[in-house]
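Here is the structure we will look at.
Only the coordinates and a few stated rules stand behind these numbers; no lab work does. As the structure is a computational prediction, the values presented were derived from the model and not from experiment. Positions of Cβ are generated from backbone atoms using ideal geometry, with glycine treated the same way; all protein chains shown enter the neighbour counts.
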Amino acid sequence: MDLHKYLLTVLLLLLLNYASYAATSWEDDDCLKTCSSHRCSKHHGPEIRFPFRLSTDPPSCGAPGMQLSCSKHDTILNHPVLGPCKVTAIYYRHLVMNVIPLVDSSSCCPLQKLISTNQSTDVYKPVPLDYLGHYSVLIGCSVDSVARNKGGIAGPSSCLSLSNNASQFWYLVRPETDMSTLPFWCEVVANPIRIPYNYNKNGPKFRTFFGKELFKENAKRAINLGETPFNWSLNSITSICQRCEQEGRHCGFSSNRRQAFCLHRGSHVKLIAATTSLATFVVLVATALYRSLKKRYNEAIHLKVEMFLKTYGTSKPTRYTFSEVKKIARRFKEKVGQGGFGSVYKGHLPNGVPVAVKMLENSTGEGEDFINEVATIGQIHHANIVRLLGFCSERTRRALVYEFMPNESLERYIFLHDSNTQDLLVPKKMLHIATGIARGMEYLHQGCNQRILHFDIKPHNILLDYSFNPKISDFGLAKLCARDQSIVTLTAARGTMGYIAPELYSRNFGGISYKSDVYSFGMLVLEMVSGRRNSDPGIEDQSDVYLPQWVYERVIAGQDLVLNREITEEEKEKVKQLAIVALWCIQWNPKNRPSMTKVVNMLTGRLQNLQIPPKPYV
């Protein structure tokens, strides 16, 4: 009887899915017939589809200002500033395109126009400086004597002409290059110079399949051809289309609804009246097989978690059943947040104490995020680390019960620009919060039996209690290591883009250690004092967005860092103190970053005792 119910359920789901597909696919098919994708070359060149269109397509096939054309086998963009450009690559998922400006007969230097022209337009903007591997530094030399066999140097070019520089030979070098290794007759002329992007399905690509670095190849294309990357952005279209691409679907435009939408997979297939018996049988067999494999996989994870909990013992936070968790969370009625691994709900313990219940709905890594949280935060108690009160592990259901933080995360007060939140985050409170986070991190690095590396320090993971005391949370990416272990090994980079230390991308910067957390802390403090993200998509000229450079130059010049309100001289000193400490923390070389113990001393000491750090960029 149970098998019959199961088969009937599957068939009903198939019918419902078919009905939903039939209702929406008419619009998909109409869009595909009218606005099919193109290539200017049969086998090469970028695919042209929404939001781009060819000049021969109807206007509804593309977004305003995103028209392309074909010149023989080349794809051409008529850029409002650079003029005609050859498009070499379009990465729809990342909103990035590489173009080569077509040099006119009066100029034979491709790089000249890129250096001397502001390239930003309403639609196209230079890409933000998120990754070290996607921009370079222009150096000029009076003699052609730079070793060209190095992987981080491309050139020379002798065609550039700059009014304030008499150099005759020009090179592009890696931004992390130590300038002291170059001949003394060479100098930095321009920083940064963007070089073409390479992407694969996982994100930015810095090496080939065989491990060869792509920097020199990309830099050659920039200096010899003038190839450069752009972002495109259009209100109400860009975000929808990027979401479609991230889901593995293409983007289209509905003339009836006047808005962009995601095309369904398989929209090229004609609709049929019913599902054949063979297709139904295949679906049933595949579903049954999937359920069987899923059950075995879940049982393996459950066994792994139970073995850990048995070793962990019962003297730590309380273990609850799932029915008890449902009562604590009031049947998950009040959702208060969404984290990287699932949803967070407000609840109350039987004694009335308010708590936050985190359900690990999107848990990955064979239960390791759950084990990390319990194994790290469950063993420690510190005023600046959120306290784990209990947990639940029942088959595939896993939950964590924390003390409740009524003022939510620090992110809300840094980036939500309204008068109420800005009045709360005054310089004195900034220093208090930064010092509290530093003390919590110092305890993780030095105060436990084993050193705990967090690997995801960011404003979203700093919670604020009733008195705005900061507490570090979310230990899902944490790693335990011996206190005397200076370098740790990771199979892949961990953390959130913008806060990840350079050594997590490339071992050329040094080994991974607790200093990687110090870098993340520095970026957090820079955002707190400036009130903006280290890469803000809302700012028009992205060339001025690199936050560490902006802060460093204002500190050196003695200029104010808080621009949205009037502050006293005493408050200006506190902000400057925070900025100097943060700039020390984000030094590219991990050896130059202070320990969190020293950071606490710097934050609680006098501003006059702090030295200005070296530039944290080339």
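Figures for the structure shown
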{"item": "Packing-based ranking, highest mean first, of 452-464, 220-232 given that Cβ atoms within 10 Å are counted", "result": "452-464, 220-232"}
{"item": "Spherically averaged projected area in nm², based on the convex hull that wraps the Cα atoms of the range 545-618", "result": "5.4 nm²"}
{"item": "Förster-model FRET efficiency, 41 Å R0, Leu607 and Ala482, C-beta, rounded to 0.05", "result": "0.70"}
{"item": "Links that overshoot a 27 Å alpha carbon limit, given the list Lys216/Lys615; Lys125/Lys576; Lys458/Lys598; Lys216/Lys576; Lys220/Lys591", "result": "Lys125/Lys576; Lys216/Lys576; Lys220/Lys591"}
{"item": "Taking the range 432-504 and dividing mean pair separation by its residue count, relative contact order in percent (alpha carbons under 8 Å, at least six apart)", "result": "33 percent"}
{"item": "Highest-first arrangement of 558-566, 395-403, 500-508, where packing means the average Cβ count within 10 Å", "result": "395-403, 500-508, 558-566"}
{"item": "Descending principal axes extents, the range 374-472, alpha-carbon based, whole Å", "result": "46, 32, 22"}
{"item": "Förster radius 51 Å - calculated FRET efficiency between Gln338 and Val143 (Cβ-Cβ, nearest 0.05)", "result": "0.30"}
{"item": "Gain on full stretching of the segment that runs from Thr34 to Ser467 - 0.36 nm per residue minus C-alpha separation", "result": "149.9 nm"}
{"item": "Computed FRET value (nearest 0.05) for Arg565 with Cys109, which takes r as the C-beta separation and R₀ as 51 Å", "result": "0.65"}
{"item": "Net +/- balance of residues flanking Gly436 in space, Cβ distance below 11 Å, scoring K and R +1, D and E -1", "result": "+1"}
{"item": "Per-peptide average of other Cβ atoms within 10 Å, ordering 602-609, 378-385 highest first", "result": "378-385, 602-609"}
